[in-house]
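Working notes, beginning with the structure itself.
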Amino acid sequence: MSTEKGLSELLERYLAGHCTAAEKAAVEEWFEQAGDPRKTSLYPDEAAKERMLDHIHRRQNEAAAGKHRTKLIPLRRVLKIAAVCAGLLLATGWLIGISHRRDQKTGTIATVSYKEVRTATGETKKVSLPDGSEITLNANSAIRYPASFAHNRQIHLTGEAFFSIAKDPAHPLTVYADKGIADTVLGTSFNISTYAAAAEINISIVTGRVRISKAGKALDTLTRGQAVSFNGADEMTKSTGLNTDAFISWMKGEWTYDNFRLPDLAMLLRNQYGISLTASPVNKKLQTHVSVNFTRHQTAAEIIEVFASLTGCRFRFANEKEVLIY
């Protein structure tokens, strides 16, 4: 909704039971996620949100006074508590949520709780899953997975992570990346890089076998030392006979590149140092044509200087968090 009047009308219809199914679902989703400061689709600004909450609370108390004369707990107070809890969870990199899943056999809807783990700039984190699998998250990354794997073994990833998956042939585990790309595994270890700002999605296998699919269609099965990448046009490129140590060098605080390019530099600076890179004139294909290796002990300026010396370009810092290459 884009106006206060529209919000008020929607709320009136909801409280009167006159909402469409879609409107009812949207309002109830907002109630469930009101503690999440990122959920803003139902109100244009904070003031409108406060007016909505006051209106809901008033109508609740009116209804309670007419039926049971019971004073309800102010919804604003409930949501503020939820917001504090969400803030604490966000600060520690953990989120807990609720979703609903329909049982295909019985048709009943079961409540499924899930967990979300996030990392900050320059941070890595290890996560143990309910089935004994382990995940190492790279910087500025997140995974979302069921608190229990009773119904499914599905993980949603943004950013980069290394997966060491426990064997369970009867229940394959599926990792969903961007653009509908999914990896299905029985027991293996592999690395996925699917940063939203990156030009490519990369999947690399360290041990075992992984089936790659897109939009539900199987594309290939990879084994140790193999990798695939998807470019911006969703074209898949497969590589074989690769050094598996290079896939996971970031876990040791090292970053290895076979052909260090401008997009690689931009992602490294963004994720590990919180620095944004601007190239002038913009040339995203600028590359070194050489293999390089960096460590966490190097400063951002040192890494940029190496790139500049290899490509013949120059750079300057506009401020502590912005650098220009030209």
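The values are calculated or read from the model by the stated rules, or taken from the named source; none is laboratory data. Worth saying up front: this structure is predicted, and the values here are computed from it rather than measured. No Cβ is skipped: glycine too gets one built from the backbone with ideal geometry, and neighbour counts run over all protein chains shown. SASA here: full protein model, heavy atoms, side chains in, ligands and nucleic acids out. Shrake-Rupley method; radii C 1.70, N 1.55, O 1.52, S 1.80 Å.
Descriptive notes on the structure:
- Residue match in region 189-197 (condition: in contact (Cβ under 8 Å) with a residue 60 or more places away in the chain and either under 20 Å from Asn271 (Cα atoms) or not aliphatic (A, V, I, L, M) (or both)): yes
- Any hit, region 121-132, residues being in contact with a Phe, Trp or Tyr (Cβ under 6 Å, 6 or more places away or on another chain) and either open to solvent by less than 60 Å² (accessible area, probe 1.4 Å) or under 20 Å from Ala182 (Cβ atoms) (or both): yes
- Condition check for Val210: over 25 Å from Gly253 (Cα atoms), more than 17 Å from the chain's Cα centre (by Cα) and aliphatic (A, V, I, L, M): yes
- Looking across Asp168, Asp178, one residue alone is free of Cβ contacts under 8 Å to residues at least 60 places away in the same chain, closer than 15 Å to His156 by Cα and open to solvent by 40 Å² or more (accessible area, probe 1.4 Å). It is Asp178.
- Check on Thr194, of a type in the set (Ser, Thr, Tyr) and touching a helix residue (DSSP H, G or I) at 6+ places or on another chain (Cβ under 6 Å): yes
- Hits in region 218-233 (condition: open to solvent by 50 Å² or more (accessible area, probe 1.4 Å) and either in a strand (DSSP E or B) or of a type in the set (Asp, Glu) (or both)): Ala218, Leu219, Thr221
- Filter result (open to solvent by less than 10 Å² (accessible area, probe 1.4 Å) and of a type outside the set (S, T, N, Q)) within region 134-143: Ile135, Leu137, Ala139, Ala142, Ile143
- Of the residues making up region 144-165, those that are of a type in the set (A, V, I, L, M, F, W, C) and either open to solvent by 30 Å² or more (accessible area, probe 1.4 Å) or in a loop (DSSP other than H, G, I, E, B) (or both) are Ala147, Phe149, Ala150, Ile165.
- Any chance Ser204 is under 28 Å from Gln154 (Cβ atoms) and without any contact (Cβ under 8 Å) to a residue 60 or more places away in the chain: yes
- Residue check, Lys238 under 24 Å from the mean Cα position of the chain (by Cα) and over 30 Å from Lys321 (Cβ atoms): no
- Qualifying strands (runs of 3 or more DSSP E) (wholly inside region 234-324; at least 2 residues being open to solvent by 40 Å² or more (accessible area, probe 1.4 Å) and within 20 Å of Ile205 (Cα to Cα)): 236-239, 254-257
- Qualifying residue in region 181-195 (condition: surrounded by fewer than 16 Cβ atoms within 10 Å (Cβ to Cβ) and in contact with a strand residue (DSSP E or B) (Cβ under 8 Å, 6 or more places away or on another chain)): no
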